[in-house]
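The structure appears below as structure tokens.
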Amino acid sequence: MDILIVGSGGREHAIAAAVKKSKHADKIYCAPGNGGIAGIAECVDITAMEFDKLADFAEEKNIGLTIIGMDDPLVGGIVDVFEARGLRVFGPRKNAAIIEGSKAFSKDLMKKYGIPTAAYENFDDVDKALAYLDTQKAPIVVKASGLALGKGVLICQTIDEAKDAVKSIMLDKQFGDAGKEIVIEEFLTGREVSVLCYCDGTHIAPMTSAQDHKRAKDGDQGLNTGGMGTFSPSPFYDSDIKKFCEDKVYQPTMDAMKAEGRDFVGILFVGLILTEDGPKVLEYNARFGDPEAQVVLPRMKNDIIEVMEACIDGKLDTIDLEFEDNAAVCVVLASDGYPLAYEKGKEIHGLEAFEGKDDYFVFHAGTKAADGKILTNGGRVLGVTALGSDLKIARQKAYEATEWITFDNKYMRNDIGKAIM
Ligand code: AMP
Ligand code: GLY
């Protein structure tokens, strides 16, 4: 069958690469795609928020399955639009994608169903939020409830700083409408782990673990970004923690969503923090992580289309998820300046070095093809992933491969996966 992937980042490139390996995939389209995805899929000039145009395209081309990679269209209800037109689509409906679209919703869900998470309060009134802060201790975390490109979380070292954060989110609308409602939450410490799970509304199948590096600079300094690099698996996610999460987090979340009449079908991304009091949920996302997908998907043995179809059909219990007994590290090459202002349009050299190598991947995020060249076109430009028999080897290979690529203003963190050495 022909497949349509919606999105344009490194995550969608990793999804496209996995789909290409499927024995069920014929022609692959990606809307809107990017300069690298164009190497394995036909890029279609429709943006991810043009639901009707995308559905028209899927109908016209007789697409057998559409895979939604990004959060905005999911939260906006693209799956409902496709389903109403009888089109097969992988991702949660709007009433389930709210688990990512509203942190206030997800916190209330966890509280109601006893899923471990940081203590918190939700506010849609500035004065009440400020008064509440007077009763709290710092450090404390202030979050815009809505989607804010992964940047809507402010860790505040003092109560005054937290008050400024509340004002800048709610009054100055730093994150636009995403900040109409906020969550103020207890500051937790521990290692973070991302576990992405396939879900069919009833059953949930967690994939291998990964760890992201969200801050822009080495040593977890600098601003929060979409993610500067990942490794998989996380050695900190041991069998006891895994068992705890299966019993207390993953299945309870599926059951909670079902009990609320919001059956979750698609990828549930569980962002965990491993505290001294046990694992707690920091956040849920309703899609693959980026750049978590770039280390998890290359390690998956299953045919991705078969797994996704089982999710849509409510038959995930018939699938045994399997991952290679190896490790992967992804280092993001960004435009210097990201996540603030940066320059675009720089020619990228060295991409051909990855051709024909099974254990190295270069996933394109912010690139575009022009006049036979590949140019930088975003903050996160490329994700360089290497597989190795263990994390140390994978890390060494990934950093070697970052040297193959050159472009003006290339920037990367040098300590991705350093914690595992
Ligand atoms: P979120 O989008 O909610 O996952 O938050 C983004 C990042 O902010 C997380 O990956 C953590 O590094 C940090 N963070 C969020 N909530 C907390 C918390 N309660 N305590 C400490 N760090 C947090
Ligand atoms: N890497 C974090 C995210 O995809 O939200």
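For beta carbons closer than 8 Å, sequence separation of 6+ or different chains, a first residue in the stretch 276-293 that is in contact (Cβ under 8 Å) with a residue 60 or more places away in the chain and part of a strand (DSSP E or B) and a second that is within 9 Å of ligand 1 (Cβ to nearest atom) and among the charged types (D, E, K, R), the qualifying pairs are 282/192; 283/103. Give the number of residues within the stretch 177-203 that are on the phi > 0 side of the Ramachandran plot and in contact with a Gly (Cβ under 8 Å, 6 or more places away or on another chain). Going through the stretch 177-203 one residue at a time, the tally reaches 1. Only a single item in (1) modelled with pLDDT under 95; (2) farther than 17 Å from residue 143 by Cβ; (3) in contact with a strand residue (DSSP E or B) (Cβ under 9 Å, 6 or more places away or on another chain) is not met by residue 220, and it is number (3).
Suppose we filter the stretch 196-240 for residues that are of a type in the set (Gly, Ala, Ser) and in contact with a Pro (Cβ under 8 Å, 6 or more places away or on another chain); how many remain? Matching residues across the stretch 196-240 total 6. Scanning the stretch 242-251 for residues that are touching a residue at least 40 places away in the same chain (Cβ under 8 Å) and within 26 Å of residue 418 (Cβ to Cβ) yields one hit, 245. Scan the stretch 227-236 and give yes if some residue there is hydroxyl-bearing (Ser, Thr, Tyr), part of a strand (DSSP E or B) and within 14 Å of ligand 1 (Cβ to nearest atom), otherwise no. Looking for residues that are hydroxyl-bearing (Ser, Thr, Tyr), part of a strand (DSSP E or B) and within 14 Å of ligand 1 (Cβ to nearest atom), one finds at least one in the stretch 227-236, hence yes.
From the list 271, 289, the one residue that fits, being within 13 Å of ligand 1 (Cβ to nearest atom) and either farther than 18 Å from residue 10 by Cα or of a type in the set (Phe, Trp, Tyr) (or both), is 271. For the stretch 400-421, indicate whether the set of residues that are assigned to a loop (DSSP other than H, G, I, E, B), more than 27 Å from residue 236 (Cβ to Cβ) and either touching a helix residue (DSSP H, G or I) at 6+ places or on another chain (Cβ under 8 Å) or at pLDDT below 95 (or both) is non-empty. Yes; the residues of the stretch 400-421 include at least one that is assigned to a loop (DSSP other than H, G, I, E, B), more than 27 Å from residue 236 (Cβ to Cβ) and either touching a helix residue (DSSP H, G or I) at 6+ places or on another chain (Cβ under 8 Å) or at pLDDT below 95 (or both). Filtered by the rule that a residue be crowded, with 18+ Cβ neighbours inside 10 Å and part of a helix (DSSP H, G or I), the stretch 250-267 gives 250, 252, 253, 254, 256, 257. Looking across the stretch 347-387, the residues that are surrounded by 15 or more Cβ atoms within 10 Å (Cβ to Cβ) and part of a helix (DSSP H, G or I) come down to 351, 354.
Mind checking which residues of the stretch 122-138 are within 14 Å of ligand 1 (Cβ to nearest atom) and under 30 Å from residue 97 (Cβ atoms)? The answer is 122, and nothing else.
Within the stretch 214-262, the residues that satisfy the criterion of being within 16 Å of ligand 2 (Cβ to nearest atom) and touching an Asp or Glu at 6+ places or on another chain (Cβ under 7 Å) are 226, 227, 230. Of everything listed in (1) outside any strand (DSSP E or B); (2) within 20 Å of the chain's Cα centre (by Cα); (3) within 29 Å of residue 387 (Cβ to Cβ), the single unmet condition for residue 219 is (2).
Restricting attention to the stretch 148-207, the residues that are free of Cβ contacts under 8 Å to residues at least 40 places away in the same chain and assigned to a strand (DSSP E or B) total 3. Please verify whether the stretch 157-179 includes one or more residues that are within 12 Å of ligand 1 (Cβ to nearest atom), closer than 29 Å to residue 262 by Cβ and surrounded by fewer than 17 Cβ atoms within 10 Å (Cβ to Cβ). So far as the stretch 157-179 goes, no, none of its residues is within 12 Å of ligand 1 (Cβ to nearest atom), closer than 29 Å to residue 262 by Cβ and surrounded by fewer than 17 Cβ atoms within 10 Å (Cβ to Cβ). Against the definition (surrounded by 15 or more Cβ atoms within 10 Å (Cβ to Cβ), in a strand (DSSP E or B) and in contact (Cβ under 8 Å) with a residue 12 or more places away in the chain), how does residue 331 come out, yes or no? It is true that residue 331 is surrounded by 15 or more Cβ atoms within 10 Å (Cβ to Cβ), in a strand (DSSP E or B) and in contact (Cβ under 8 Å) with a residue 12 or more places away in the chain. Please determine whether any residue of the stretch 210-220 is away from ligand 1 (no atom under 11 Å from the Cβ), within 26 Å of residue 366 (Cα to Cα), surrounded by 16 or more Cβ atoms within 10 Å (Cβ to Cβ) and among the polar types (S, T, N, Q). Scanning the stretch 210-220 turns up no residue that is away from ligand 1 (no atom under 11 Å from the Cβ), within 26 Å of residue 366 (Cα to Cα), surrounded by 16 or more Cβ atoms within 10 Å (Cβ to Cβ) and among the polar types (S, T, N, Q).
Among the residues here, residue 359 qualifies as more than 21 Å from the chain's Cα centre (by Cα) and either modelled with pLDDT under 95 or within 25 Å of residue 297 (Cα to Cα) (or both). How about the stretch 286-310: which of its residues are of a type outside the set (Gly, Ala, Ser) and either surrounded by fewer than 24 Cβ atoms within 10 Å (Cβ to Cβ) or out of contact with any strand residue (DSSP E or B) (no Cβ under 6 Å at 6 or more places or on another chain) (or both)? Listed by number, the residues that qualify are 290, 297, 299, 300, 301, 302, 303, 304, 305, 306, 307, 309. All conditions in (1) surrounded by 18 or more Cβ atoms within 10 Å (Cβ to Cβ); (2) within 10 Å of ligand 1 (Cβ to nearest atom) hold for residue 189, with the sole exception of (1).
The values are calculated or read from the model by the stated rules, or taken from the named source; none is laboratory data. In this text the structure is predicted, and so the values were computed from the model without any measurement. Heads up, the Cβs are rebuilt from the backbone with ideal geometry, glycines too, and the neighbour counts pull from every protein chain shown.
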